[in-house]
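One structure below.
The values are calculated or read from the model by the stated rules, or taken from the named source; none is laboratory data. What you see is a predicted model; the values in this text were computed from it and never measured. FYI the Cβ positions are ideal-geometry reconstructions off the backbone, even for glycines, and counts take in every protein chain you see. What goes into the accessible areas is simple: the full protein's heavy atoms, side chains included, and nothing from ligands, DNA or RNA. Shrake-Rupley method; radii C 1.70, N 1.55, O 1.52, S 1.80 Å.
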Amino acid sequence: MFERIVVAVDGSEPAKHALSLACDLAGKYGSEIHLVHSPQLETTAIAVGSGAVEIKPDADKIAEAGRKVIEEAENIAAAEGCKPAQSVVGSHDPATDILDLIETVKADMVVMGRRGLGSVAGLLMGSVSQKVSHRAMCTCMTVK
Ligand code: ATP
Ligand code: MG
């Protein structure tokens, strides 16, 4: 039913739940998992584990933080008995990278967390999951 599932990860707990659920579905349906993460300047300090007071991370730091998020996601997937077909580190805004990957692999489902690392008070969904759910042509699942 679901041949190719795109899973968007940002290092947050909701995204980790999304990944676990996607791995479970992949086991049931024999689906491929395609991971995607777009490193963002504002969340790099969290991903590399530095304190709140931080000089602006350079491009290398951002790329390194991105690889860490992907590596952690691959480990979570492995623990669920799932090996992603590919892991993409995006270079644009997250929604654009997620939507591009959905198109490229012709995914039939995208799984995201409902919220991520940001904190836009008063919204039911974060801006990334909102944009993707509005624009994606495939089934979208947002995981609490
Ligand atoms: P906002 O970013 O608008 O402040 P938020 O961080 O609470 O809000 P989103 O950013 O929409 O919420 O995150 C929801 C889900 O979108 C995450 O759980 C993850 O699945 C995906 N996502 C968010 N940011 C990224 C990213 N940089 N790369 C890949 N996926 C992401
Ligand atoms: Mg966010």
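Things to note:
- Heavy atoms of the protein chains alone define the surface here; on that basis the chain has 55 Å² accessible area per residue at 1.4 Å probe size.
- Largest first and in whole Å, the equivalent-ellipsoid semi-axes of the chain read 24, 17, 14, each the square root of five times a Cα gyration tensor eigenvalue.
- Remark: the residue 89-residue 24 segment gains 21.1 nm on full extension, using 0.36 nm per residue and subtracting the alpha carbon distance.
- Cα lying deepest toward the dipole's positive end in the chain, options 65, 94, 127, charges on Cβ: 127
- Where no second cysteine Cβ lies under 4.7 Å, the cysteines concerned in the chain: 138, 140
- Per-residue 3J(HN,Hα) values for the stretch 127-144, derived from phi via the Karplus relation 6.51 cos²θ - 1.76 cosθ + 1.60 with θ = phi - 60°, read 5, 5, 5, 5, 4, 5, 5, 6, 9, 5, 8, 9, 5, 10, 10, 10, 9, 6 Hz in sequence order (x marks Gly and Pro).
- Extension reserve of the residue 78-residue 133 stretch, reckoned as 0.36 nm per residue once the Cα distance is removed: 17.1 nm
- Accessible surface of the stretch 4-143, 1.4 Å probe, proportion on carbon and sulfur as whole %: 54
- With the highest mean first, a sort of the peptides 87-95, 5-13, 136-144 on other beta-carbon atoms found within 10 angstrom per residue produces 5-13, 87-95, 136-144.
- Cα-centre dipole for the stretch 4-143 with unit charges at Cβ (Lys and Arg positive, Asp and Glu negative), debye to 20: 340
- Couplings 3J(HN,Hα) of the stretch 78-92, computed from phi: 4, 5, 8, x, 10, 10, x, 5, 7, 10, 10, 9, x, 10, 10 Hz, in residue order, whole Hz [Karplus 6.51 cos²θ - 1.76 cosθ + 1.60, θ = phi - 60°; x for Gly and Pro].
- With both labels modelled 7 Å from their Cα along Cα-to-Cβ, the residue 13 to residue 104 distance reads 3.2 nm.
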